[in-house]
Amino acid sequence: MRERKNTHKIFSFDITKIRNDFPVLNQKIYGKPFVYFDNAATTQKPRIVIDTMSKLYSEYNSNVHRGVHYLSEQMTEMYESARKKIQDFLNAKNSYEIIFTRGVTDSINAVAFSFGELLVKENDEIIISEMEHHSNIVPWQMLCQRKGAKLRIIPFNDKGELLLDEYKKLINSRTKLVAIVHTSNSLGTVNPVKEIVAIAHKYNVPVLIDGAQAIQHQKVDVQALDCDFYAFSGHKIYGPTGIGVLYGKEAWLQKMPPYQGGGDMIEQVTFEHTTYDELPFKFEAGTPNYIGAIGLGCALDYLTNIGLDNIKNYEKKLLDYGTAKLMSLDGLKLYGRAENKTCIFSFLLGNIHPYDTGMLLDRMGIAVRTGHFCTQPLWDHYKVEGAVRASLTFYNTLEEIDYLYEALKKVQKTFG
Amino acid sequence: MTIQEIQEEIIKEFKDFNDPMDKYNYLIKLGKDLPPIDLKYKTEENIIKGCQVKTWFYSSFKDGKVFYEIDSSAVMIRGFIALLIRVLSGQQPEDIKNADLYFIDRIGLRENFSPIRANSLFKLVNQMKSAAITCQADPIRKGGIF
């Protein structure tokens, strides 16, 4: 295969330099240059994140909080400074509104349990949408089962856009919470979350936003959105695995009970009674993933240095180019044609099974994902079991899209 | 032929493939050539659950031997199925139960049989073996997933 040169100068940052920041990209798979198009599943890590975490384990490791010794104090300071970075990144009002979790799934489960215990009763309703990831469906189903509450679903049209008129019809005095995905991991749709929040707030209903696929592609300002909860995962924003964030408005977090008990979240424990620590520690039982949190802070610094606007502009070029290129392939059906979408291409090639397409692309050095991407109800909408998904980000190139196009033609030839 | 003899035969066939892509092209050919499962067995209850690729499984027991009818919606998986059927179908339950399917390693396709892979192959091999064990225990019984 020819070497692909990154010659397109359509952005205000140096793509070659950026790609060099990500060591994993500079390798060959099955002897072919590696094309990583599985960024919606997880993103690669820049060297600065890898080196920082390695240095922390090598030179600084010590458990945070309560320590009286030098390294513990250093680590605590770095951990709390990471919280501050995330506060700034989200433009949250207070740093104690930032709770460290294991990821979006953990964040949503925390709210489903904690908020659910506080406020959800029999016959109450939770609104989600037809395009949710299973992690924003199952915790609410479990809550509904526990409480005898009901799930209500906002449908979407065939382009993959939520039907806001239907949403307005669903919301009522029984609605206790709206939990909605910011950007669909399967279709790429960027939902009008600000409008969704405003509608819910007319009924005094709080809104949780699953930001797993949004925060790495656009500026998120939780105060401007006025959302009540916002969740995201570190590993999808160039940070480490096992760390995530739950932002919650102070008013809610103060009222909500902790969802896990243990060390670090208490004020005082006796066998008769325990009082809980203040925010954010009330929600961070046990030794936190402090090195993960600092690694995440480092990834956010890296992104801020490149500039989220630069990233957004560049990814828009990838989206437009990729859409036109893929649509020019005979027999390819693209799912997710929303007006406002991110760089995710889910498609089927005629009757070729997604698994067959994915396997052959893999042999050509292209990493994609196949299947339902944890959004089975979404694929029920289209009456297919799943698709092939190429999810791109700012270290991908137009040349890689060209290569995918040629590879797909080979797949068609092989299976056609 | 015994299970071992068939495995040796397959290993020999795969030795001719210098380019790994040729191996996959051969699997695709096998997948395309595999006869589809009888429609009466292509039922919901015969689907191997929890796999990304729909795979239908049916086994029967006749004259002391186990016979398999297996199908899949992915051509590549059908290629693997063709190999597994060639090795195990028509063999005696005891031999299937004890079979060491070393040919998978030797033809360099082990990674496709990992339990963490999203395909059905790991489960399928287990299914083929447990069908053989069930036939031994209950020779009258026939059927799909048991």
Original post:
Dipole magnitude of segment A:75-121 about its Cα centre, charges +1 at Lys/Arg Cβ and -1 at Asp/Glu Cβ only, in debye to the nearest 20?
Top reply: 100 debye
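For B:Asp100 and B:Thr2 in the same chain, what is the full-extension length gain: residue separation times 0.36 nm, less their Cα-Cα distance, in nm?
Contour length minus Cα-Cα distance gives 34.1 nm.
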Subject >> Structure-based [θ]222 nm, chain A - -39500 (n - 2.57) summed over DSSP H runs of at least 4, per residue, nearest 500 >> reply: -12000 deg cm²/dmol
Original post:
According to a simple spin-label model (label point 7 Å from Cα along Cα-to-Cβ), what is the distance in nm between A:Val384 and A:Glu278?
Top reply: 5.4 nm
Original post:
How compact and how long is segment A:50-305, expressed as Rg and Dmax of its alpha-carbon atoms in Å?
Top reply: 18.6, 59
**OP:** Give me the distance in nm between label points sitting 7 Å out from Cα along the Cα-to-Cβ direction at A:Lys255 and A:Lys194, one decimal.
**Re:** 2.6 nm
**OP:** Report the calculated FRET efficiency for A:Ser328 and A:Asn63 (r = Cβ-Cβ distance, R0 = 51 Å), to the nearest 0.05.
**Re:** 0.35
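Just round it to a whole percent: the fraction of Cα-Cα distances in segment B:3-137 exceeding 25 Å. It would help to have the intermediate numbers written out before the result.
Details: 1937 of 9045 pairs.
Roughly 21 percent, rounded to a whole number.
Determine the sum of side-chain charges near A:Ser129: Lys and Arg each +1, Asp and Glu each -1, restricted to other residues whose C-beta is under 12 angstrom from that of A:Ser129.
On the way: positive: A:Arg152; negative: A:Glu130, A:Glu132, A:Glu161, A:Glu166, A:Asp210.
After counting each charged neighbour, the total is -4.
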Original post:
Computed FRET efficiency, Cβ-Cβ of A:Ile153 and B:Lys49, R0 25 Å: what is it to the nearest 0.05?
Top reply: 0.50
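Taking each residue of A:349-355 in turn, how many C-beta atoms of other protein chains fall within 10 Å of its C-beta, and what is the average? Don't skip to the answer; put the middle values down first.
On the way: counts 0, 0, 1, 2, 10, 4, 13.
The mean count of partner-chain Cβ atoms within 10 Å per residue comes to 4.
Between A:Ser173 and A:Lys410, what length in nm is gained on full extension when 0.36 nm per residue of separation is reduced by their alpha carbon distance? Intermediate values should be presented prior to the final figure.
Numbers: separation 237, 0.36 × 237 = 85.32 nm, distance 5.52 nm.
Going from the current span to full extension adds 79.8 nm.
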**OP:** On a C-alpha basis, how far is the centre of segment A:161-217 from the centre of segment A:321-361 in Å? Whole number, if you could?
**Re:** 26 Å
Original post:
What's the long-distance tail for the protein assembly as shown, i.e. % of Cα pairs beyond 43 Å?
Top reply: 30 percent
Subject >> In range of the label at A:Phe13: residues from segment A:376-416 whose backbone nitrogen is under 19 Å from the point 7 Å along Cα→Cβ >> reply: A:391-401
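Once a ≥ b ≥ c are taken as the square roots of the eigenvalues of the Cα gyration tensor of segment A:1-144, is the result rounded (a/c under 1.5), prolate (a/b larger than b/c) or oblate (a/b not larger than b/c)?
Values: a/c = 2.44, a/b = 1.29, b/c = 1.88.
Oblate, because a/c is 1.5 or more while a/b does not exceed b/c.
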**OP:** Note down the relative contact order for segment A:50-305 as a percent, whole number, built from C-alpha pairs under 8 angstrom at least six residues apart.
**Re:** 24 percent
**OP:** Return the percentage of antiparallel bridges among DSSP beta bridges fully within the protein assembly as shown, rounded to the nearest 5 %.
**Re:** 70 percent
Original post:
Which residue, chosen from A:Pro280, A:Val64, A:Ser135, occupies the Cα position most advanced towards the positive end of the dipole of the protein assembly as shown, where the dipole is computed from +1 (Lys, Arg) and -1 (Asp, Glu) charges on Cβ about the Cα centre?
Top reply: A:Ser135
**OP:** Please name whichever of A:Tyr230, A:Gly242, A:Trp379 sits farthest to the positive end of the charge dipole of chain A, dipole taken about the Cα centre and charges placed at Cβ: Lys and Arg +1, Asp and Glu -1.
**Re:** A:Trp379
Original post:
Where the centroid of each part is defined by its Cα atoms, how far is segment A:379-412 from segment A:29-51 in Å?
Top reply: 16 Å
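Treating the beta-carbon of each Lys and Arg as +1 and of each Asp and Glu as -1, no other charges, what is the dipole magnitude of segment B:1-92 about its Cα centre, to the nearest 20 debye?
Values: 13 positive and 14 negative charges, 48 e Å.
In total the dipole reaches around 240 debye.
Tally Lys/Arg at +1 and Asp/Glu at -1 over every other residue whose Cβ is under 12 Å from the Cβ of A:Ala367; what's the total? Don't jump to the answer; show the numbers that get you there.
Numbers: positive: A:Lys32, A:Arg363, A:Arg369, A:Arg389; negative: A:Asp38, A:Asp362, A:Glu400.
Net local charge, A:Ala367 excluded: +1.
Since every read-out is calculated from the coordinates, none of them should be taken as a lab result. Keep in mind that this is a model prediction, so the values were computed, not measured. We place every Cβ from the backbone using ideal geometry, glycine too, and count neighbours over all the protein chains shown.
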